[in-house]
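Before any comments, here is the structure.
The values are calculated or read from the model by the stated rules, or taken from the named source; none is laboratory data. Bear in mind that the values here come from a model prediction, so they are computed numbers and not experimental data. Cβ coordinates were reconstructed from backbone atoms using ideal geometry, including for glycine residues, and neighbour counts include every protein chain displayed. In case anyone asks, the SASA skips ligands and DNA or RNA and just uses the protein heavy atoms, side chains included. Shrake-Rupley method; radii C 1.70, N 1.55, O 1.52, S 1.80 Å.
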Amino acid sequence: MMKRSLAGACCTLIASCMAATLSVPVLAAGPAAVPAMKARLAAKVPMTGLVRAGDALLALGDYGTVVRSIDHGRSWQQAVVPVNTLLTSAHFIDSQRGWAVGHGGTVLATTDGGLNWVLQQILEDKPVLLSVYFASADVGYAVGAYGSAWRTGDGGRSWSAMTVGEGDDADMHLNQLFATRDGTLFIAAEMGLAFRSEDGGTRWQRLETGVSGSLWSGLEGAGGEVVLLGMSGRVLVSQDRGDSWQVHEDASGQSLTGAVQAADGSLLVVGAGGLVLRGRERFTAEIRADRQNLAAVQRTADGAVVVAGQLGVERLTTDR
């Protein structure tokens, strides 16, 4: 049983317009908070996540680094960030308003599309946060290591703990939280675990996936299917909202860390060792020449693809 190297999990993931009157509360950083260092090659810092903010694209990762592109990934500008901790995940509800989370219970917020961030909260006991998702300007969720799960109903001003797993599942790492179009929440977790909530996070149901390796991320597919990505090159697909799963396993055995829908509705999946999978019910695989670990992938507004990982961010020519 992999119980349990959080450092290893994090290394896999790495190396693997708003009204002017709206204010974001700022938590006093205290003397220990150090802003992210400005770097000439900030886009080459190891990155853990990619997110769209309208037509803009943001990548985030180590040393509190956030970079932003408004030309579809051709060039990048480093954002102003008040912490230098590892950032793991971000989510935007529109082109201007977004949140990011990371190690040490860090919750950041932005109201200008990610150019400038404020330290909104340091959550109690400073958990390692791995994923953030906001359903609206008020309601949001953050999950992370050892079963850490939080909910806010006031835009991140305050957070309350959620109970996701019970018994032996209570302290499992919760790697990513995402929602389907009907508002159902899903969590991809370690040890093959997944959870579902149909009431906004009040109650969570353990889902039987049929696998034992960690699940790193997930998304809703073009046809409404729920997709989870995990260790050993596994793509799990459910057509019944998580009640049953079909498992596709790539022969490479590499961990799969992120995915995005291609223009034709198929999936573009990235993972460790430079692995890229393309397909829907059947997947074709390629290994990038650099064989570097990839953590995330996003489509740009002009139809290109950007990948992020061990070597920073890179724009690919097309998603085909």
- Residues within region 276-305 that are open to solvent by less than 40 Å² (accessible area, probe 1.4 Å), in contact with an Asp or Glu (Cβ under 7 Å, 6 or more places away or on another chain) and part of a strand (DSSP E or B), tallied: 3
- Scanning region 48-86 for residues that are of a type in the set (G, A, S) and touching a strand residue (DSSP E or B) at 6+ places or on another chain (Cβ under 7 Å) gives G49, A53, A56, A59, G61, G64, S69, G73, S75, A79
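With respect to L193, determine if the residue is surrounded by 20 or more Cβ atoms within 10 Å (Cβ to Cβ) and over 14 Å from V101 (Cα atoms). Before the answer, list the steps.
On the way: surrounded by 20 or more Cβ atoms within 10 Å (Cβ to Cβ): yes; over 14 Å from V101 (Cα atoms): yes.
So L193 fits the description; yes.
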- Condition set in contact with a Gly (Cβ under 7 Å, 6 or more places away or on another chain) and assigned to a strand (DSSP E or B), scope region 76-97, selection surrounded by the fewest Cβ atoms within 10 Å (Cβ to Cβ): answer is F92
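Can you say whether T257 is under 15 Å from R234 (Cβ atoms) and part of a strand (DSSP E or B), as far as the supplied structure shows?
Working: under 15 Å from R234 (Cβ atoms): yes; part of a strand (DSSP E or B): yes.
Considered against the rule, which asks whether it is under 15 Å from R234 (Cβ atoms) and part of a strand (DSSP E or B), T257 comes out as yes.
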- Query: Can you spot a residue in region 45-67 that is open to solvent by 40 Å² or more (accessible area, probe 1.4 Å), modelled with pLDDT of 50 or more and of a type in the set (G, A, S)?
  - Reply: no
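Step by step: first the residues of region 4-44, then only those that are among the β-branched types (V, I, T), part of a loop (DSSP other than H, G, I, E, B) and over 16 Å from W99 (Cβ atoms), then the one that is modelled with the lowest pLDDT. Which residue is that? Please lay out each step first, then the result.
Pass one, region 4-44, residues among the β-branched types (V, I, T): 12, 14, 21, 24, 26, 34.
Next cut, part of a loop (DSSP other than H, G, I, E, B) only: 21, 24, 26, 34.
Then keep just the ones that are over 16 Å from W99 (Cβ atoms); that gives 21, 34.
Numbers: T21: 26, V34: 93.
Across region 4-44, the extreme among qualifying residues is T21.
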- Message: If I filter region 206-218 for residues that are closer than 20 Å to M162 by Cα and more than 18 Å from the chain's Cα centre (by Cα), do I get at least one hit?
- Response: yes
- Task: From R52, R151, R40, R68, grab the single residue that is farther than 19 Å from V313 by Cβ and basic (K, R).
- Result: R151
- Quick one: would you say A263 is part of a loop (DSSP other than H, G, I, E, B) and either touching a helix residue (DSSP H, G or I) at 6+ places or on another chain (Cβ under 9 Å) or surrounded by fewer than 18 Cβ atoms within 10 Å (Cβ to Cβ) (or both)? yes
- G233 is checked against (1) open to solvent by 10 Å² or more (accessible area, probe 1.4 Å); (2) closer than 21 Å to G279 by Cα and fails just one. What number does that condition carry? (1)
